[in-house]
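The values are calculated or read from the model by the stated rules, or taken from the named source; none is laboratory data. Since the structure is predicted, the reported quantities are computational estimates derived from the model, not experimental observations. All Cβ positions, glycine included, derive from the backbone under ideal geometry; neighbour counts span all protein chains shown.
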Amino acid sequence: MSTKSYPVTPRVLEAMEVTKRGCEELLVEADWLQKLARSEATQKPLRIKLGLDPTAPDIHLGHTVVLNKLRQLQDLGHTVIFLIGDFTSMIGDPSGRNSTRPPLTPEEIAVNAKTYYQQASIILDPSKTEVHHNSEWCDALGARGMITLAAKYTVARMLERDDFTKRYRGGMPISVHEFLYPLMQGYDSVALQSDLELGGTDQKFNLLVGRELQKEYGQEPQCILTMPLLVGLDGVEKMSKSKANYIGINEPANEMFGKVMSISDELMWSYFTLLSFRPMAEIDLMKQEVAAGRNPRDCKVLLGQEIVERFHSQTAAEKALEDFNHRAKGGIPDDIPELELTGAPLGIAALLKAANLVPSTSEANRNIEQHGVRIDGAVVSDKALKVEPGTYAIQVGKRRFAKVTLKR
């Protein structure tokens with residue numbers, strides 16, 4: 001940090017409070033306070049970096065935790081650097097893994113990166129966002145530059161990283177190229193001269209490498225801000241598509257709202273802190289009101305509508321609530337998918353799979369056993385049921401519907 005000290009004003013303290021909202025860890029807090037104070041005194045925005053490897057094309061609410069924090073910092077006047085890790089994706093991030101991760105091909109990276117910023121810009125302010133690909137400077141390094149960079153960090157320091165240590169002690173292979181990942185992510189911070197880098201708690205080691213490399217290159221070291229991993233709908237595991245406990249930001253409004261309403265009352269407060277843009281004072285007041293007897297469902301509705309409005313519209317949010325209440329009373333939404341199928345009479349499990357209401361016939365049978373399947377409002381209890389020609393409103397669980405016309 002600069003040796004000059006800048007005054008810590010009430011606005012600076014407010015900015016610090018915004019920074020720390022919902023965060024897991026802020027390092028080094030005193031350095032960040034001075035960066036904020038210097039920014040206010042000089043009217044020069046700070047540079048705040050988020051790097052995302054385009055390992056999949058779609059973003060879910062778990063990804064938006066750090067995006068929300070970026071938007072909060074943008075609203076304070078700072079510049080966000082949205083970094084697409086097209087170069088580092090070809091290495092593969094080993095964070096939290098117990099085996100070598102297969103790198104993506106350039107073609108896969110290009111396809112995934114195409115939609116990343118488009119989805120992120122729903123949350124970020126484009127006028128205060130720089131978009132970069134780290135191939136801009138990583139490709140230019142060449143073999144000589146890579147060797148020079150590698151000389152600035154030791155193997156011993158690399159093996160301090162928990163996942164590398166476990167794999168080394170367990171006799172599991174660690175490819176040399178995996179050591180390059182944290183080095184290249186750290187070099188991104190040098191190239192971009194970032195003041196703050198954000199990431200999930202699993203990224204702490206990589207973020208610290210960036211801080212150390214900036215010192216090696218004579219730059220003021222960045223601060224790092226880690227955000228918690230959002231717990232998924234199951235209330236146990238982190239939100240992940242592979243665990244089917246996620247809410248995608250491109251999902252239909254009704255599906256998105258219904259999923260928010262399905263989370264537990266306890267988990268709701270974590271979602272408010274990490275996903276809502278409401279002031280913490282307002283959220284704390286809601287907590288007090290619920291403790292005093294207010295129905296937590298009322299608060300969950302506010303959360304669900306805020307999230308749906310962000311990714312769809314206010315009209316869609318209002319309609320989602322209306323349809324949710326209608327379903328709660330045993331009704332069928334108005335805008336369910338309609339399709340025609342042939343082959344009647346058709347077994348109920350095959351029908352549910354053909355209508356894309358379940359991924360498999362075994363899943364269909366499981367839902368029938370749990371009394372989660374309805375045809376025209378009537379519960380289906382017979383797995384051997386043959387459905388005759390006709391038009392039916394079919395429901396699986398609380399949120400999956402289809403209007404099916406079945407023909408011979």
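Of all residues in the stretch 107-159, those being polar (S, T, N, Q), surrounded by 15 or more Cβ atoms within 10 Å (Cβ to Cβ) and under 27 Å from G218 (Cα atoms) number 3. Residues that are under 18 Å from S89 (Cα atoms), of a type outside the set (S, T, Y) and part of a loop (DSSP other than H, G, I, E, B) within the stretch 147-183 comprise just one, I174. In the stretch 265-314, what residues are among the hydrophobic types (A, V, I, L, M, F, W, C) and not in a helix (DSSP H, G or I)? If the condition is that a residue be among the hydrophobic types (A, V, I, L, M, F, W, C) and not in a helix (DSSP H, G or I), then F277, A292 are the ones that fit. So T9 clears everything in (1) surrounded by 14 or more Cβ atoms within 10 Å (Cβ to Cβ); (2) at pLDDT 80 or above except one condition, right? Which one? Going through (1) surrounded by 14 or more Cβ atoms within 10 Å (Cβ to Cβ); (2) at pLDDT 80 or above one by one, T9 breaks only (1).
Looking only at the stretch 39-69, residues that are farther than 30 Å from T105 by Cα and surrounded by 21 or more Cβ atoms within 10 Å (Cβ to Cβ) come to 2 in all.
Quick one: how many residues across the stretch 94-110 are under 19 Å from the mean Cα position of the chain (by Cα) and either at pLDDT 80 or above or in a helix (DSSP H, G or I) (or both)? Residues meeting the conditions: 1.
Screening D195, D202 for residues that are surrounded by fewer than 20 Cβ atoms within 10 Å (Cβ to Cβ) and either in the same structural domain as P54 (by TED's automatic domain parsing) or within 23 Å of P228 (Cβ to Cβ) (or both) leaves exactly one candidate, D202. Among the residues making up the stretch 233-264, those that are under 13 Å from F311 (Cβ atoms), in a helix (DSSP H, G or I) and not aliphatic (A, V, I, L, M) are N254, E255, F257, K259.
Residues checked against (1) loosely packed, with under 15 Cβ neighbours inside 10 Å; (2) in the same structural domain as M268 (by TED's automatic domain parsing):
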{"residue": "A317", "(1), (2)": "no, yes"}
{"residue": "D323", "(1), (2)": "no, yes"}
{"residue": "G343", "(1), (2)": "yes, no"}
{"residue": "S362", "(1), (2)": "yes, no"}
{"residue": "R374", "(1), (2)": "no, no"}
{"residue": "K386", "(1), (2)": "yes, no"}
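Looking only at residues of the stretch 227-270 that are under 21 Å from Y116 (Cα atoms) and among the polar types (S, T, N, Q), we find that the one that is surrounded by the fewest Cβ atoms within 10 Å (Cβ to Cβ) is S242.
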